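One structure below.
The values are calculated or read from the model by the stated rules, or taken from the named source; none is laboratory data. These numbers come from a predicted model, not from an experiment. No Cβ is skipped: glycine too gets one built from the backbone with ideal geometry, and neighbour counts run over all protein chains shown.
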Amino acid sequence: MIRDSVKTIGDTKLSDTPQSLFILGILCACFVAFAVLVGAKQENGSFGQVFYVWLFITAFVFCGFEHIVAYMFYIACYALNFGADILPVIKVLFCVTAGNLTGGLLIAWAVRTLDRKM
């Protein structure tokens with residue numbers, strides 16, 4: 001049963017387009033950055049901090065956005081169980097990494113720009 005799920009997820013991820021992977025990577029990074037930013041505004045270890053981080057991370061997972069760490073897990077499981085051509089794996093890892101970096105840098109730039117204006 002788990003093996004079937006890994007196959008379905010791996011097939012889907014390896015067949016996705018570079019544009020889709022990149023855009024979903026950007027959106028994921030935005031959600032993760034928002035989780036960190038909102039969580040940092042809360043008292044350390046408070047319910048609010050845990051809740052907001054959990055909320056944003058859960059939201060990006062349910063939205064189907066792509067995070068490179070999750071991809072490394074899925075692709076590794078898929079490759080170990082079913083084998084995978086190297087080019088689709090490189091495409092996926094490159095596009096998702098580029099999207100995650102772009103989204104993170106975009107949010108960092110926006111926060112820095114807004115802080116200067118305030």
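So in the stretch 63-90, with the set limited to residues that are among the β-branched types (Val, Ile, Thr) and under 14 Å from ASP11 (Cα atoms), which one is surrounded by the fewest Cβ atoms within 10 Å (Cβ to Cβ)?
Among them, the one singled out is ILE86.
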- Answer from LEU87, LEU21 - the residue that is over 26 Å from LEU114 (Cα atoms) and in contact with a Cys (Cβ under 8 Å, 6 or more places away or on another chain): LEU21
- Message: I need every pair where a residue in the stretch 57-85 that is over 16 Å from ILE2 (Cα atoms) has its Cβ under 6 Å from the Cβ of a residue that is of a type in the set (Val, Ile, Thr), sequence separation at least 6 or different chains.
- Response: GLU66/VAL96; ILE68/VAL96; ILE68/THR97; TYR71/VAL96
- Message: Residue under question is LEU93, and the condition is that it be out of contact with any Leu (no Cβ under 6 Å at 6 or more places or on another chain), without any contact (Cβ under 8 Å) to a residue 60 or more places away in the chain and farther than 23 Å from PHE22 by Cβ; does it hold?
- Response: no
- Task: Could you please tell me which pairs satisfy a Cβ distance under 7 Å, a separation of 6+ or placement on different chains, a first residue in the stretch 3-32 that is β-branched (Val, Ile, Thr), and a second residue that is loosely packed, with under 14 Cβ neighbours inside 10 Å?
- Result: VAL6/ASN81
- Query: Which of the residues spanning the stretch 98-108 are crowded, with 18+ Cβ neighbours inside 10 Å and within 11 Å of the chain's Cα centre (by Cα)?
  - Reply: GLY99, ASN100, GLY103, GLY104
- Message: I need a count of the residues in the stretch 5-20 that are in a helix (DSSP H, G or I), at pLDDT 90 or above and farther than 18 Å from PHE62 by Cβ.
- Response: 6
- Reported set for the stretch 1-54 where residues are surrounded by 14 or more Cβ atoms within 10 Å (Cβ to Cβ) and acidic (Asp, Glu) is ASP16
- Task: Sort through VAL111, VAL50 and tell me the only one that's more than 15 Å from the chain's Cα centre (by Cα) and in contact (Cβ under 8 Å) with a residue 24 or more places away in the chain.
- Result: VAL111
